[in-house]
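Quick one: the structure is below, questions incoming.
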Protein chains: 2
Amino acid sequence: MKSGAKKVQDKLAIDKNSVIPIYYQLAKFLEEQIQTGRLQPGEALPTEMELAQQFGISRMTVRKAIGELVAAGMVYTQQGKGTFVSVPKLDNVVFELDNYNQEIKERGLTGKATLLEARIVRANQQLMNKFQISDENTRFLYFRMVLAAEGEPLAYERKYTIYTKRKPILESELQDPSLTKLVSAHSDSMPVSSKKVLQVSVATKEEASILQIPIKAPVFVMEQTVYNAEHQPVGWSKSVYRGDRYQLTAYDGWHSKEG
Amino acid sequence: MKSGAKKVQDKLAIDKNSVIPIYYQLAKFLEEQIQTGRLQPGEALPTEMELAQQFGISRMTVRKAIGELVAAGMVYTQQGKGTFVSVPKLDNVVFELDNYNQEIKERGLTGKATLLEARIVRANQQLMNKFQISDENTRFLYFRMVLAAEGEPLAYERKYTIYTKRKPILESELQDPSLTKLVSAHSDSMPVSSKKVLQVSVATKEEASILQIPIKAPVFVMEQTVYNAEHQPVGWSKSVYRGDRYQLTAYDGWHSKEG
DNA sequence: TAGTGGTCTAGACCACCGG
DNA sequence: CGGTGGTCTAGACCACTAA
């Protein structure tokens, strides 16, 4: 089976005098071996010592290169056995949704956030639940806004934060009114973590009117709760996204960032 | 401002004779300094040399510890300047949806996949588009199935793969019929990457009937395309998930895996 | 027991940044 | 210019695996 030890081709793949780091060159070289199938899933890479000797470099440098591939999920190591090519896992889903401003920029659109309402509200049962408090006199800062691009409404957002500071609402908050900025500006607590839940729903009459879609049209609903260092909720928002304008996309498998 | 250089507390934090690697101890120690606020966002960590001297360890070991924090997104480095505590980014969304079997197991439910139909179909316009082919004689293996838990239907899936092998449909495929397994079993190509698109929609008459929900009830629709090494589509599926039973959750901020 | 990856050291030179 | 992080070396010892 292991006849001739299957050298990993010419050592010309590494230029020790290049400005490009050696570990990076080696990582890309091994990555190519895998992508092209010269190294098959499950197959063992040459040992660290072999690679170091073949390319005339230090073992630590080899380890750094392999570390990159491990981080990328392309190979895995087993102490005492070796380093092996991974089998691509394609069945898990990781969806990314950039925030509003990034989306708008990337699409080259003329985005606009319109503030419909901003006021101080007292606690009600829903807010007391969401913020896990029992003091009925707690006051919240309430933002209600529409996000639009190219003149078309895309999302409707309602945001709440516990109101303690008496700071005026800044111009900048109207441009990019993210929940975390709202919290850090008007609350005593610094937000350090958040939880988001994405659900599917149909537009209510109010939402349909604002988003200019039919009543009961399908929409994404995202609820976000931000917490301070003590794990207490300090901000909550509910955003409704037009189902005909938003989708989540996920790419899976081996994807080299530059290759 | 920098009075006394703010030592990072006692060096008793590191036990060089412990079985726990030094770099790991140091990473956890620095992580704690950040989590508890003794190191504030934007603030500089001690330099690598300072940390190495303070704890009597090698600079390479310090670098490995810092590398862990960088990978976790808690700090970032700037060549020539220093290493700094990150500000938590809470506005990007990364939703994870485990695959069906994992979900069922984690929830401790009795899951079941019921095959409604499995047959060979010829190309139609939709399939020729999805697979980017023009040969009308191409044949596809077509799976249609319902996923259920606790006797309640949860999802309805339709899967296609280019049919080349004449392998019989195995018992195991009926138990865990993931698209990638379907492709690797019945197609000539090995799937190496995939693209998934998640959208919101309303149930058609057929879907409503199968999922036992009202017509036009909101649903998640996920389309998955799997590609071979040559970036050619070799499998395509469309899954419909009940909107009242599925949601995507994302946690954001600093979350140490063990701490 | 021999070979593997995991950790660690004590240096070295470099590119970059700021004053 | 001095200080920072980025790269690299040539060793060393260890824990683990397999024969």
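The values are calculated or read from the model by the stated rules, or taken from the named source; none is laboratory data. Source: prediction; values computed, not measured. Glycine also receives a Cβ, built like all others from the backbone with ideal geometry; neighbour counts cover every protein chain displayed.
Can you work out which of the residues in segment B:44-76 that are in a loop (DSSP other than H, G, I, E, B), surrounded by 15 or more Cβ atoms within 10 Å (Cβ to Cβ) and more than 7 Å from DNA strand D (Cβ to nearest atom) is farthest from the other protein chains (Cβ to nearest Cβ)?
Here the answer is B:Pro46.
Tell me which of these B:Lys165 doesn't satisfy, since it passes every other one: (1) at pLDDT 85 or above; (2) in contact with a His (Cβ under 6 Å, 6 or more places away or on another chain).
(1)
From the set of residues in segment A:21-43 that are among the polar types (S, T, N, Q) and either assigned to a helix (DSSP H, G or I) or out of contact with any strand residue (DSSP E or B) (no Cβ under 7 Å at 6 or more places or on another chain) (or both), which is farthest from DNA strand D (Cβ to nearest atom)?
Across segment A:21-43, the extreme among qualifying residues is A:Thr36.
Further, regarding this structure: Would you please list the contacts, defined by Cβ atoms under 8 Å and residues six or more apart or on different chains, that run from a residue in segment B:15-26 that is more than 14 Å from chain A (Cβ to nearest Cβ) to a residue that is near DNA strand C (Cβ under 7 Å from one of its atoms) and part of a helix (DSSP H, G or I)?
Pairs that qualify, where the first residue is more than 14 Å from chain A (Cβ to nearest Cβ) and the partner is near DNA strand C (Cβ under 7 Å from one of its atoms) and part of a helix (DSSP H, G or I), are B:Lys16/B:Ile22; B:Ile22/B:Thr61; B:Leu26/B:Thr61.
Please specify each residue of segment B:193-240 satisfying the condition of being assigned to a loop (DSSP other than H, G, I, E, B) and among the β-branched types (Val, Ile, Thr).
Once the filter is applied, which keeps residues that are assigned to a loop (DSSP other than H, G, I, E, B) and among the β-branched types (Val, Ile, Thr), segment B:193-240 yields B:Thr204, B:Ile213, B:Ile215.
Taking only pairs six or more apart or across chains, which ones have beta-carbon atoms under 9 Å, a first residue in segment B:34-56 that is among the aromatic types (Phe, Trp, Tyr), and a second residue that is modelled with pLDDT of 90 or more and within 9 Å of DNA strand D (Cβ to nearest atom)?
Listed by first residue and then by second, the contacts come to B:Phe55/B:Val62.
Can you tell me how many residues within segment B:117-164 are under 26 Å from B:Gln212 (Cβ atoms) and part of a loop (DSSP other than H, G, I, E, B)?
2
Check B:Lys181, B:Lys167 and return the single one that is part of a helix (DSSP H, G or I), of a type outside the set (A, V, I, L, M, F, W, C) and out of contact with any strand residue (DSSP E or B) (no Cβ under 7 Å at 6 or more places or on another chain).
From the options B:Lys181, B:Lys167, the qualifying one is B:Lys181.
Which residues, taken from segment A:77-91, are β-branched (Val, Ile, Thr) and either within 13 Å of DNA strand D (Cβ to nearest atom) or crowded, with 16+ Cβ neighbours inside 10 Å (or both)?
Correct list: A:Thr77, A:Thr83, A:Val85.
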